[in-house]
Amino acid sequence: MKIIKTAVSAALAAAVSFSAQAAEVEVLHWWTSGGEAASAAELKRMLEERGHTWKDFAVAGGGGESAMTVLKTRVVSGNAPTAAQIKGPSIQEWGDEGVLADIDELAEAEGWDDLLPEVVAEAMKYDGHYVAVPVNVHRVNWLWSNPEVFEKAGAELPTTWDEFFVAADKIKAAGFTALAHGGQPWQDATTFEAVALGVGGTDFYTKAFVDLDADALSGETMVKVLETYRKTRQYTDAGAPGRDWNLATAMVINGEAAMQIMGDWAKGEFTAAGKVPGKDYVCSAAPGTLDAFTFNIDSFVMFALDGEDASEGQADLASTILSPAFQEVFNLNKGSIPARLNLPMDKFDDCAKLSGADFVATAETGKLVPSMAHGMSTFSSVQGAIFDVVTEFYNDESISAEAAARKMLSAVQSAQ
Amino acid sequence: MSRSKFDPQVWLPKLVLAPTMLITLVFIYGFVAWNAYLSFSKSRMLPRYDWAGLQQYERLFSNDRWWVAAQNLFIFGALFIVFCLIVGLLLAIFLDQRIRIEGAIRTVYLYPMALSFVVTGTAWKWMLNPELGLQKLLRDWGFENFTFDWLVNPDMAIYTVVIAGVWQSSGFVMALFLAGMRGIDDSIVKAAQVDGATLPTIYRRIILPNLGPVLFSALIVLTHIAIKSFDLIVALTGGGPGFSTDVPATFVYAYAFTRGQIGVGSAASMMMLMAVVAIIIPYLYSELREKRA
């Protein structure tokens, strides 16, 4: 009997020590479409090269909403995955629940503090410890335009909101839709934050959407921002409500519409349609935000798991994600730019190069701000409260800008 | 002859029912209780068990979006039920005239019920879209000023949900009524005809009064479809424009699962439960009293 017991425990020990080198890495993500799925496959290949097994845990749909629901149930039932795609202040929310693992050891060894811009590094930390690794940087304040439509209408590419309305009037008169838009709350908010940044500037933006300052949320600047924002609605078409963003992008591609305000994932649609930047379409900063940059960073957060092998797997995963090879492949596929500084950008297109240069420049001037519409600046509850006010104001002409600004303040306060 | 305790007829039914009973207790009543507790807790992103009193309910009641959702449920529920009953009843009366190919026509009207609400919602979304559907069609035909933009008009969008819902469910109500009409003793109708009653009189005085129980079943089914409606709204309007077509079910989903406010979400679902209870309790009461009498 005793012999059997010893044999079993020896076998167990052997199994444990074997798995210390080869961990099973389970990663929750929602990269299920086209270029994103190709990137996930690349990550899998690189991890397998390091001797780990990859257990795919992809939950498609809803920009990650469904994935988050699944993740919550997994964590509550004590069965967290190795890592999950979580971004922005949600990292802090998960940190508060006490379920994250720190990867300081790796971060120190690889010198992440020097590799990453400070804003990015701060977002990856909970309570001063690295708990997440950034994958990419999306710029949100882009204006995508079709130069052919501009030419036909005799309009010029706008760099301020005043110019925007001048150009939009000409385009509308020429029989085109000036602004391609999809009336879904997050798209309404994407346009809104571009207007807020363009009209109010970065200081106002930061005060309102990062610090949630009462004066900024309900003050005069906000009223002006809201008024400008609603004015853009006249330049959208009647089919906008409920439209998906990629269909709005298609309107610009087909020459039905002149402009769209959307993050750089829109570039994937242009590329897929065989369009060339600078010739068939133009990417420029949203009006009035030339020297600013609203970022949306995807990241992977590590969960606290039992066992040495698990943390080794996490370290290898994080190190792979931040490796120059993966950063380049992934971001070429996705349309974004690498999260680590000083990577050669030769293989990227002009839009990405511009984004990369602006990213570095704004990081120094302090005009690199988190995107409110994409959950980078506040908790999801506050973000939702702002969405509600913005989308209601946009769709209901009977609400005055002053009333909406007051509503914004009270909604944000009650959601905190 | 008294049955022995060991007679299978005594213990077998109880044994067979026990697992179902247990599952119902845990997974329905147990979870209702858990949800009730969460609505009094400080839960945000994940369930937490610190007592917060009525704080979540205060938040809920000061939330504009909740009141829009509640009002929409009222508008949608009332119109949906009334129109389904009217359309269903009329269809049933027409089909009751022993017309030819009744079987085929009945199937045509009943078919929408076989579709999921997601399919219905998506199809109607396209038809009602001003740039794609009905409005464009009529304008292309030469009616330049024809406007039907309810889907994108925040004040009217909830009525498009009613249209799609009635289209989907009135065939089912028709089938219920038709079955009820066929169940009425033919000899009564014949006797009335002998007495010289006209067709409208026969329907008004004999057939409709006999449809009471059917009406009640239809009402219960439609009410619960209305209260739990979620998929139709998500597919048709996505709750928009803005949040003008939000209903309590979509509100609960948004708050509990995507906004990290489980407390507010649970409080809202408790309010939904209370609404159902307010309808069900009088019903149960009247049912049970009738049985006893």
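The values are calculated or read from the model by the stated rules, or taken from the named source; none is laboratory data. Quick caveat, the model's predicted, so the values are computed rather than measured. When we count neighbours, we look across all protein chains shown, and the Cβ atoms used for this are built from the backbone with ideal geometry, even at glycine. For the accessible areas, the whole protein counts, side chains as well, though only heavy atoms, and no ligand, DNA or RNA atoms are used. Shrake-Rupley method; radii C 1.70, N 1.55, O 1.52, S 1.80 Å.
Points worth noting:
- Shielding of B:182-189 by partner chains, average beta-carbon count, 10 Å: 0
- Whole-Hz ³J(HN,Hα) from phi, Karplus 6.51 cos²θ - 1.76 cosθ + 1.60, for the stretch A:257-267, glycine and proline x: 10, 8, 9, 9, 9, 6, x, 6, 5, 4, 4
- Enclosed volume per residue, in Å³, of the convex hull spanned by Cα atoms of chain A: 141 Å³
- Residue-wise HN-Hα coupling along the stretch A:53-60, computed from phi with Karplus coefficients 6.51, -1.76, 1.60 (Hz; x: Gly, Pro): 9, 9, 10, 6, 9, 9, 10, 7
- Counting every alpha-carbon pair across the stretch A:312-370, the share separated by more than 12 Å comes to 68%.
- Shielding score for B:108-117, defined as the mean number of other chain Cβ atoms within 10 Å: 0
- The three principal axes of the C-alpha atoms in chain B carry coordinate ranges of 85, 74, 29 Å, sorted with the longest axis first.
- Helix axis angle, A:245-254 relative to chain A longest principal axis, alpha carbon, degrees: 50 degrees
- Solvent-free Debye scattering, log10 I(q)/I(0), computed from the Cα coordinates of the stretch A:81-133 at q = 0.25 Å⁻¹: -1.01
- Counting every alpha-carbon pair across the stretch A:260-416, the share separated by more than 22 Å comes to 58%.
- Taking each of A:LYS170/A:LYS367; A:LYS44/A:LYS267; A:LYS275/A:LYS347 in turn, the alpha-carbon distance tops 20 angstrom for A:LYS170/A:LYS367; A:LYS44/A:LYS267.
- Inter-label distance for A:ASN254 and A:LEU290, nm, one decimal - labels placed 7 Å from Cα along Cα-to-Cβ: 3.4 nm
- For the stretch A:165-230 versus the stretch B:80-118, the gap between their alpha-carbon centres in whole angstrom: 49 Å
- At a Cβ-Cβ separation cutoff of 4.7 angstrom, cysteine residues of the protein assembly as shown with no neighbouring cysteine are B:CYS84.
- ³J(HN,Hα) computed for each position of the stretch B:272-286 - Karplus, 6.51 cos²θ - 1.76 cosθ + 1.60, integer Hz, glycine/proline x: 5, 4, 4, 4, 5, 4, 4, 7, 6, 4, x, 4, 4, 4, 5
- With only the Cα atoms considered, the stretch A:268-314 has a convex hull volume of 160 Å³ per residue.
- Amide H to amide H, with H built 1.01 Å from N, A:TYR130 comes under 5 Å of A:ILE103, A:ASP104, counting only residues 5 or more places away or on other chains.
- If you take the Cα centroid of the stretch B:255-269 and the Cα centroid of the stretch B:136-202, the two points sit 37 Å apart.
- Heavy-atom accessible surface that B and A bury in contact, both chains counted, 1.4 Å, Å² to 100: 2300 Å²
- For the stretch A:272-341 versus the stretch A:49-86, the gap between their alpha-carbon centres in whole angstrom: 18 Å
- Solvent exposure of the protein assembly as shown, expressed per residue, is 47 Å² of accessible area, with all protein chains present and a 1.4 angstrom probe.
- Using equal-weight Cα scatterers in the Debye expression, the normalised intensity of the protein assembly as shown in log10 at q = 0.06, 0.08, 0.09, 0.10 Å⁻¹ is -0.46, -0.76, -0.92, -1.08.
- With 40 Å² as the minimum drop in accessible area between chain alone and full protein complex (1.4 Å probe), the qualifying residues in the stretch A:65-84 are A:GLU65, A:THR69, A:LYS72, A:VAL76.
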